[in-house]
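In what follows, a single structure is set out as structure tokens and then discussed.
The values are calculated or read from the model by the stated rules, or taken from the named source; none is laboratory data. Here the structure is a predicted model, which means the values were calculated and not measured. So basically every Cβ, Gly included, is an ideal-geometry build from the backbone, and we count neighbours across all protein chains shown.
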Amino acid sequence: INNRTFPESFRWGAATAAYQIEGGWNEDGKGESMWDHFTHANPNVTDDKLNGDVACDSYHKWREDIQLIKELGVSLYRFSVSWTRILPTGYLDSYNQAGVDYYVNFVKGLLDEGITPMVTLYHWDLPQVLNEQGGWLNDSTADRFGEYSRIVFENLGPFVKLWSTVNEPKTTCMLGYGSGENAPGIKQIGTAIYQCARVQLLAHATAYHIYHNEFAAEQGGQISLVIDATFNEPDTDSEADAEAAERETQFNLGWYANPVYVGDWPQIMIDRIGNRSTQEGFSESRLPAWSAEEIEFVKGTHDYFGLNMYTALRVSAVGEAEIGEPNYYNDKGTAVAFGSDWTPSVASWLASYPYGMRGLLNYVWNHYKPGEIYVTENGWATDGEINDQSRIDYLQGYLSNMLDAILDDGVNVAGYTTWSLMDNFEWARGYTQKYGIISVDFNSRNRTRTFKESAKWYQHTVRTYCLVDEC
Ligand code: GCO
């Protein structure tokens, strides 16, 4: 572990998302989101049959949360605005002043304590009315997102200088419209996912342009997309595995980063999905082609790179699959696994491989040349124990590799918001897996918060800019 220190300008933070912490699901005029609907319609969609109706009760306990953030000592708090508090139906005529006031008070409360707000406009809680009209498969959702974003810029923009548009479009599309594990529960792994990606990117770009055309000159903030990615290593030193690892990266990270930072989908996706679609008898590629205007509209819509990074994968090539049901995994042609010596977590998709942080930061820096990166999520799943040494080990290892990337490789990482400030509703896992550095007692009516050992460790880190006790 590194005993060097982070640059003085580095910004330390923690992250949450509205549906995962707020509760108050129908209070003060809030409309139904697709996650409200999804969990209410069928409790079996979560492992423990629970939902986010109350969650951490942050809707009511926001003053207490601000005090916790202050006690932690971080200068940055990343949270999301709930679309259906602002526009309960997703349409402008449903405007809800109480929802706007709630967030204005909240950001003022943060600023009063010297904490910088970093606001996510969309963290998965689409208005259910829009979902019923096709949601992320309907191009007009991008326009609705633009209208909603404009209201948020108008009201919070005087106080907020760091924005992200859409959080983790890949996971929204893969789990919401592919496997069906997340809201809205559509299972269509070879077609809907690609349309979802298109609409999420259009929504992102629409909000980006509104901000830059109407607000940025006066408000002077930054806005970008937040992309989740893994670091992908070839499983063997064969040429085929090297190509597979790069293909894996293009089909995950490149799927979203290429349109924004380079222009258009990655060529390998255009080629492979196009070929298979033809053989499957489709008249057009299942990957919707962008028009030249759309390519220009999406390209360059970034002020920094928002990166969510948790885990790595070892990738091997698989031979061309038979033509049958359209399928993303056949389009991609790779198999993935964890390294045998990596530490597993209680979440099946997450293992600790600290070098992956350095590797991925370098990849993003060199391929997309973003100028500045914020690591907007990174964290570890446990059963919720207060003495969470495994989380300390994880954070220390990943941050140490981040520091190598900054000091030795010249990657400009401006800040880090760890996932998560506190235990919360973990989507389809319900409350069975915990990512917080602060514990929340979901059995107590007042959702008592307690610092875990990792929060105390992080407190020391954000105070000293250093990862070891000796500092
Ligand atoms: C995201 C993430 C978070 C999860 C975290 C742990 O979309 O930003 O999915 O909401 O809670 O990644 O799985």
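Taking L137 and the conditions (1) in contact (Cβ under 8 Å) with a residue 12 or more places away in the chain; (2) farther than 20 Å from G31 by Cα; (3) within 19 Å of the chain's Cα centre (by Cα), which numbered condition does it fall short on, given that it satisfies the others?
Answer for L137: the failing condition is (3).
Please go through the range 96-118 and pick out each residue that is more than 16 Å from the ligand (Cβ to nearest atom), out of contact with any helix residue (DSSP H, G or I) (no Cβ under 7 Å at 6 or more places or on another chain) and of a type outside the set (G, A, S).
Across the range 96-118, the qualifying residues are Q97, D101, N105, K108, L111, D112, T116.
Restrict the check to the range 348-355 and report whether at least one residue is within 16 Å of the ligand (Cβ to nearest atom), at pLDDT 95 or above, touching a Phe, Trp or Tyr at 6+ places or on another chain (Cβ under 6 Å) and in a loop (DSSP other than H, G, I, E, B).
yes
Which of the residues spanning the range 356-369 are more than 16 Å from the ligand (Cβ to nearest atom) and of a type in the set (G, A, S)?
Residue satisfying the conditions is G359 alone.
Name every residue in the range 77-104 that is among the β-branched types (V, I, T) and in contact with a Leu (Cβ under 7 Å, 6 or more places away or on another chain), in order of residue number.
Matches in the range 77-104: V81, V104.
Name the strands (runs of 3 or more DSSP E) wholly inside the range 409-461 in which the number of residues that are within 17 Å of G13 (Cβ to Cβ), within 16 Å of the ligand (Cβ to nearest atom) and among the hydroxyl-bearing types (S, T, Y) is 2 or more.
413-419
Residues that are of a type in the set (G, A, S) and away from the ligand (no atom under 16 Å from the Cβ): list the helices (runs of 4 or more DSSP H) wholly contained in the range 166-266 that include at least 1 such residues.
Because the criterion is at least 1 residues that are of a type in the set (G, A, S) and away from the ligand (no atom under 16 Å from the Cβ), the helices (runs of 4 or more DSSP H) in the range 166-266 that meet it are 192-210, 216-219, 239-249.
Failed condition for L121, given (1) more than 26 Å from K332 (Cα to Cα); (2) away from the ligand (no atom under 16 Å from the Cβ); (3) not in a helix (DSSP H, G or I), with all others met?
(2)
Y435: at positive phi and in contact with a Phe, Trp or Tyr (Cβ under 7 Å, 6 or more places away or on another chain), yes or no?
No, not satisfied.
Kindly provide the set of residues from the range 97-150 that are among the hydroxyl-bearing types (S, T, Y) and closer than 15 Å to L87 by Cα, ordered by number.
Y102, Y103, Y122, T141, Y148, S149
One line per residue, one yes/no per condition, for (1) in contact (Cβ under 8 Å) with a residue 12 or more places away in the chain; (2) farther than 16 Å from E248 by Cα; (3) more than 16 Å from the ligand (Cβ to nearest atom); (4) part of a helix (DSSP H, G or I):
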{"site": "L287", "(1), (2), (3), (4)": "yes, yes, yes, no"}
{"site": "D303", "(1), (2), (3), (4)": "yes, yes, yes, no"}
{"site": "T311", "(1), (2), (3), (4)": "yes, no, no, no"}
{"site": "Y329", "(1), (2), (3), (4)": "yes, no, yes, yes"}
{"site": "A335", "(1), (2), (3), (4)": "yes, no, yes, no"}
{"site": "S340", "(1), (2), (3), (4)": "no, yes, yes, no"}
